[in-house]
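Student: Provided herewith is a single structure, encoded as C-alpha coordinates, for subsequent inquiry.
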Amino acid sequence: MVLAYVLAKIDAGKDEEIFARIRKLGEIKEASATYGVYDLLIKVRFEKIEELDSFIFDVVRRIPGIKETVTIIAAKTIVE
(Lines give C-alpha, C1' and ligand atoms only; values in the text may rest on other atoms or scores of the structure.)
Protein backbone atom coordinates (compact mmCIF):
# COMPACT_ATOMS: atom_id res chain seq x y z
CA MET A 1 0.00 0.00 0.00
CA VAL A 2 1.33 3.44 -0.97
CA LEU A 3 0.07 6.51 0.88
CA ALA A 4 1.14 9.82 -0.61
CA TYR A 5 0.49 13.52 -0.35
CA VAL A 6 0.67 15.66 -3.47
CA LEU A 7 1.33 19.38 -3.07
CA ALA A 8 0.47 21.56 -6.06
CA LYS A 9 1.05 25.13 -7.14
CA ILE A 10 -1.82 26.56 -9.15
CA ASP A 11 -1.93 29.46 -11.61
CA ALA A 12 -3.44 32.60 -10.10
CA GLY A 13 -7.21 32.70 -10.45
CA LYS A 14 -7.55 28.97 -11.26
CA ASP A 15 -8.02 27.74 -7.67
CA GLU A 16 -11.79 27.17 -7.70
CA GLU A 17 -11.76 25.63 -11.18
CA ILE A 18 -9.03 23.15 -10.31
CA PHE A 19 -10.52 22.32 -6.91
CA ALA A 20 -13.84 21.51 -8.62
CA ARG A 21 -12.07 19.36 -11.19
CA ILE A 22 -10.02 17.31 -8.73
CA ARG A 23 -13.12 16.80 -6.58
CA LYS A 24 -14.39 14.48 -9.34
CA LEU A 25 -11.30 12.24 -9.30
CA GLY A 26 -12.06 8.93 -7.61
CA GLU A 27 -8.45 8.29 -6.60
CA ILE A 28 -8.39 11.20 -4.15
CA LYS A 29 -9.05 10.35 -0.52
CA GLU A 30 -8.91 13.95 0.67
CA ALA A 31 -8.01 17.37 -0.74
CA SER A 32 -7.50 20.77 0.85
CA ALA A 33 -7.01 24.23 -0.59
CA THR A 34 -4.07 25.71 1.34
CA TYR A 35 -2.30 28.99 2.04
CA GLY A 36 1.43 29.37 1.63
CA VAL A 37 3.92 28.07 -0.91
CA TYR A 38 1.51 25.42 -2.23
CA ASP A 39 -2.12 25.98 -3.09
CA LEU A 40 -3.45 22.44 -2.90
CA LEU A 41 -2.83 19.32 -0.78
CA ILE A 42 -4.10 15.99 -2.11
CA LYS A 43 -4.07 12.72 -0.16
CA VAL A 44 -4.04 9.53 -2.22
CA ARG A 45 -3.63 5.81 -1.57
CA PHE A 46 -2.70 3.15 -4.13
CA GLU A 47 -1.80 -0.51 -4.09
CA LYS A 48 1.33 -0.03 -6.22
CA ILE A 49 3.84 2.74 -6.82
CA GLU A 50 3.14 2.46 -10.55
CA GLU A 51 -0.46 3.52 -9.92
CA LEU A 52 0.79 6.59 -8.06
CA ASP A 53 3.16 7.39 -10.94
CA SER A 54 0.32 7.16 -13.44
CA PHE A 55 -1.94 9.34 -11.29
CA ILE A 56 0.70 12.07 -10.96
CA PHE A 57 2.01 12.08 -14.53
CA ASP A 58 -1.12 11.17 -16.49
CA VAL A 59 -3.82 12.88 -14.41
CA VAL A 60 -2.67 15.63 -12.04
CA ARG A 61 0.12 17.18 -14.11
CA ARG A 62 -2.14 17.30 -17.18
CA ILE A 63 -4.74 19.49 -15.49
CA PRO A 64 -4.45 22.97 -17.05
CA GLY A 65 -3.54 25.49 -14.35
CA ILE A 66 -1.45 23.15 -12.21
CA LYS A 67 2.06 24.44 -12.72
CA GLU A 68 4.09 22.39 -10.25
CA THR A 69 3.72 19.36 -7.98
CA VAL A 70 5.70 17.79 -5.17
CA THR A 71 4.85 14.24 -4.07
CA ILE A 72 5.57 13.03 -0.54
CA ILE A 73 5.34 9.29 0.03
CA ALA A 74 4.56 8.29 3.63
CA ALA A 75 7.01 5.93 5.33
CA LYS A 76 4.99 5.46 8.54
CA THR A 77 1.58 6.72 9.60
CA ILE A 78 -0.09 7.21 12.97
CA VAL A 79 -3.89 7.02 12.85
CA GLU A 80 -6.08 8.38 15.65
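The values are calculated or read from the model by the stated rules, or taken from the named source; none is laboratory data. The structure displayed is predicted, hence computed values, not measured ones. Using ideal geometry, Cβ is built from the backbone for each residue, glycine included, and neighbour counts are taken over all protein chains shown.
Student: Within the stretch 16-33, how many residues are out of contact with any Phe, Trp or Tyr (no Cβ under 7 Å at 6 or more places or on another chain) and touching a residue at least 24 places away in the same chain (Cβ under 8 Å)?
Tutor: The total comes to 5.
Student: Another one. Is the stretch 57-70 home to any residue that is exposed (fewer than 14 other Cβ atoms within 10 Å of the Cβ), within 10 Å of the chain's Cα centre (by Cα), in a strand (DSSP E or B) and at pLDDT below 95?
Tutor: Checked the stretch 57-70: no residue is exposed (fewer than 14 other Cβ atoms within 10 Å of the Cβ), within 10 Å of the chain's Cα centre (by Cα), in a strand (DSSP E or B) and at pLDDT below 95.
Student: Out of all the residues in the stretch 35-55, which are surrounded by 13 or more Cβ atoms within 10 Å (Cβ to Cβ) and in contact with a strand residue (DSSP E or B) (Cβ under 6 Å, 6 or more places away or on another chain)?
Tutor: Going through the stretch 35-55, the residues surrounded by 13 or more Cβ atoms within 10 Å (Cβ to Cβ) turn out to be 38-46, 51-55.
Tyr38, Asp39, Leu40, Leu41, Ile42, Lys43, Val44, Arg45, Phe46, Leu52, listed by residue number.
Student: Can you report the number of residues in the stretch 71-80 which are part of a loop (DSSP other than H, G, I, E, B) and either closer than 17 Å to Phe46 by Cα or modelled with pLDDT of 95 or more (or both)? Explain how you work it out, then say what you get.
Tutor: Going through the stretch 71-80, the residues part of a loop (DSSP other than H, G, I, E, B) turn out to be 74-80.
Restricting the remaining residues to those that are either closer than 17 Å to Phe46 by Cα or modelled with pLDDT of 95 or more (or both) gives 74-77.
Total satisfying the criteria: 4.
Student: Val37: in contact (Cβ under 8 Å) with a residue 24 or more places away in the chain and part of a helix (DSSP H, G or I), yes or no? Give the derivation first.
Tutor: Values: in contact (Cβ under 8 Å) with a residue 24 or more places away in the chain: yes; part of a helix (DSSP H, G or I): no.
No, not satisfied.
Student: Continuing with this model, one more query. Assuming Glu30 fulfils every condition listed in (1) among the charged types (D, E, K, R); (2) exposed (fewer than 14 other Cβ atoms within 10 Å of the Cβ); (3) touching a helix residue (DSSP H, G or I) at 6+ places or on another chain (Cβ under 9 Å) apart from one, which condition is it?
Tutor: For Glu30, the failing item is (3).
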